[in-house]
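Asks: Sharing a structure below in structure tokens format, with a few things to ask.
Quick note: the coordinates plus some simple rules give every number you see, no bench work behind them. Quantities reported herein were computed from a predicted structural model and do not represent experimental measurements. Quick reminder, even Gly has a Cβ in these numbers, built from the backbone with ideal geometry, and neighbours come from all protein chains shown.
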Amino acid sequence: MKITGARVIVTSPDRNFTTLRIDTDEGIYGLGDGTLNGRELAVASYLTEHVIPCLVGRDPFAIEDIWQYLYRGAYWRRGPVTMSAIAAVDVALWDIKGKALNTPVYNLLGGASRHGCLVYAHANGSDIPEAIDSIQQHIDLGYLAIRAQAGVPGVSSSYGVPKAGKPYEPAERGLPTESLWSTEKYLRFAPRLFEAVRSAAGEEIHLLHDVHHRLTPIQAARLGKSLEPYDLFWMEDPVPAELQEGFALIRQHTTTPIATGEVFNSFHDAHDLIRNQWIDYLRMTIVHGGGITALKKAADFASVYHVKTGFHGATDLSPITMAAALHFGLAIHNFGIQEHMPHTALTDSVFPHAYTFADGYMHPGDAPGLGVEMDEALAATLPYQRAYLPVARQMDGTLTDW
Ligand code: EZ4
Ligand code: CO
């Protein structure tokens, strides 16, 4: 089999997605996600101008070799744009191989290790009572694990908490908005939130919380300690992770489990975190971490250190990445949990998919390959719309240091 061509499709079914389609001489094609929230066109250009010309004529079954060729051959390694582009190629090739061999991708990765992937949902509220209502709604939908966030009193627009009546969507159309942040107010509020949420949710539900990299290590240590009575499944991204040894300080003070890495793009971002057992869950996911090929190596290394996966799964990761993550999570031994933020109905119409949710678990389905299609005619009616993640400043106007 030979690759005959590839093209990038940028579309905006309520939010922007960068998708790569690779075609072969046997009529089989594969889809890969290269979406990088707020920088979608950089990945599109990287693929179109620099990667696709090198793919034509290659054997699509040579996934490892193509991955190494794009990673090492470029000379310039790592970085979110490069690694998202490599991931788009890699995932499309796994899709092609599954379709060609008439088997779901999870079979190519070792076969199913479990009946489904435990997922967590997002419960959000502008205040504690609203957050508790949202927890109850998600319990009623069957979720066994729920991330809880609420507006911090005195902080007008808290990141990760949607405006009233709107679905959670971190990016906003137009130029970046700016919001204000107070670490002091947040640190006082978070234990109160979880005291209320744990008593409303009961002891069986797994509770998670995302700090969005907003603390210093000693502040994160204090937060983790103050949340211990509420038995969190994890505290996510407590600090920015460029300084990996910062996590050692957090670990010295708290037994609250730690997840990090949704902004990582390489195994090397997590190397010290894993080998020192400073984290419990790795969030670097397939699209931003260089694809299935790269994540398999990272997850296998992590398994030696009792670190499990807990992949990022927000709406800016397309249904193609969700499918890839579910095939991966079903197969590997050290799967921990998968984030699940449902896409809008319009996104799901552009990317019809075989994966399903029931009783707290998701399953990738048994369609050959990834089990995701793309309605390109519909996609063509929904052009790219400029959108960015918000920028946060401290109360005195200083740009935050995460
Ligand atoms: O900030 O997906 O855990 N989920 C998150 C998300 C991320 C966005 C970034 O594009 O932190 O809201
Ligand atoms: Co997060």
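Asks: Output the relative contact order of segment 200-323, whole-number percent, from Cα pairs under 8 angstrom with separation of 6+ residues. Please report the intermediate quantities before stating the final value.
Replies: Values: 201 pairs, mean separation 24.8, N = 124.
Relative contact order here is 20 percent.
Asks: Which residue, Ala377, Ala145, Ala220, tops the fluctuation ranking in a GNM of the chain built on C-alpha contacts under 10 Å?
Replies: Residue with maximal mean-square fluctuation among Ala377, Ala145, Ala220: Ala377.
Asks: Kindly write out, for segment 381-387 in residue order, the coupling ³J(HN,Hα) from the Karplus curve 6.51 cos²θ - 1.76 cosθ + 1.60 (θ = phi - 60°), rounded to whole Hz, with x marking Gly and Pro.
Replies: 7, 10, x, 3, 10, 4, 7
Asks: Give me the one-decimal nm value for the distance between modelled label points at Ser45 and Arg192, 7 Å along each residue's Cα-to-Cβ direction.
Replies: Simple spin-label model gives 4.7 nm for this pair.
Asks: Would you mind working out the magnitude of the charge dipole of segment 10-144 relative to its Cα centre, with +1 at each Lys and Arg C-beta and -1 at each Asp and Glu C-beta, to the nearest 20 Debye? Present the calculation step by step, with values, prior to reporting the outcome.
Replies: Values: 10 positive and 16 negative charges, 95 e Å.
The dipole of segment 10-144 has a size of about 460 debye.
Asks: With everything on Cα atoms, drop me the angle between helix 217-227 and the longest principal axis of the chain, reported from 0 to 90° to the nearest 10.
Replies: 70 degrees
Asks: Given springs between every Cα pair under 10 Å in a Gaussian network model of the chain, which of Thr177, Thr254, Thr82 has the largest fluctuation?
Replies: Maximum fluctuation in the GNM of the chain, among the listed residues, is at Thr177.
Asks: Another question about this same structure. Quick check on the chain: helices-only [θ] at 222 nm, where DSSP H runs of length 4 and up contribute -39,500 (n - 2.57) each and the sum goes over total residues. Nearest 500, please. Let's see the in-between values first.
Replies: Values: 14 runs with 138 residues, N = 402.
Computed mean residue ellipticity for the chain: -10000 deg cm²/dmol.
Asks: With r as the distance between the Cβ atoms of Ala377 and Asn276 and R0 = 60 Å, compute the FRET efficiency 1/(1 + (r/R0)^6) and round to 0.05. Each step should come with its number before you reach the end.
Replies: On the way: r = 51 Å, r/R0 = 0.84.
In this case the efficiency is close to 0.75.
Asks: Choose one answer from Gly154, Gly32, Gly246: the residue with the largest mean-square fluctuation in a GNM of the chain with alpha-carbon springs under 10 Å.
Replies: Greatest mean-square fluctuation among the candidates belongs to Gly154.
Asks: Oh, and also: If the cut-off is 20 Å between C-alpha atoms, which aspartates and glutamates fall inside it for Lys297, apart from same-chain ones fewer than 8 positions away?
Replies: Asp33, Glu64, Asp65, Asp90, Asp95, Glu262, Asp269, Asp272, Asp280
Asks: Listed here are the pairs Lys97/Lys308; Lys99/Lys296; Lys97/Lys296; Lys225/Lys308; Lys2/Lys99; Lys225/Lys296; which of them are more than 25 Å apart at the Cα? Present the calculation step by step, with values, prior to reporting the outcome.
Replies: Numbers: Lys97/Lys308 27 Å; Lys99/Lys296 20 Å; Lys97/Lys296 16 Å; Lys225/Lys308 22 Å; Lys2/Lys99 14 Å; Lys225/Lys296 33 Å.
Distance filter (> 25 Å) returns Lys97/Lys308; Lys225/Lys296.
Asks: Given +1 on the Cβ of Lys and Arg, -1 on the Cβ of Asp and Glu, and no further charges, what dipole in debye does segment 227-368 carry about its Cα centre, rounded to the nearest 20? Intermediate values should be presented prior to the final figure.
Replies: Numbers: 6 positive and 16 negative charges, 78 e Å.
The calculated dipole for segment 227-368 is roughly 380 debye.
Asks: Right, here's the next one. I need the calculated FRET efficiency for the pair Asn102 and Asp25, taking r as the beta carbon distance and R₀ as 22 Å, to the nearest 0.05. Intermediate results must be reported in sequence, preceding the final value.
Replies: Details: r = 18 Å, r/R0 = 0.82.
So the FRET efficiency works out to roughly 0.75.
Asks: Out of segment 189-221, which GluC sites (Glu not before Pro) are coil in DSSP terms and have no more than 14 other C-beta atoms within 10 Å? Write down the numbers at each step before the final one.
Replies: Details: sites: Glu195, Glu203, Glu204; in loops: Glu203, Glu204.
Here the GluC sites (Glu not before Pro) that fit, given the DSSP loop and packing criteria, are Glu203, Glu204.
Asks: Follow-up. Peptides 226-237, 282-293: what's the order by average Cβ count within 10 Å, highest mean first? Please list the in-between numbers first.
Replies: Working: 226-237: 19.8, 282-293: 28.6.
For the peptides 226-237, 282-293, the packing ranking is 282-293, 226-237.
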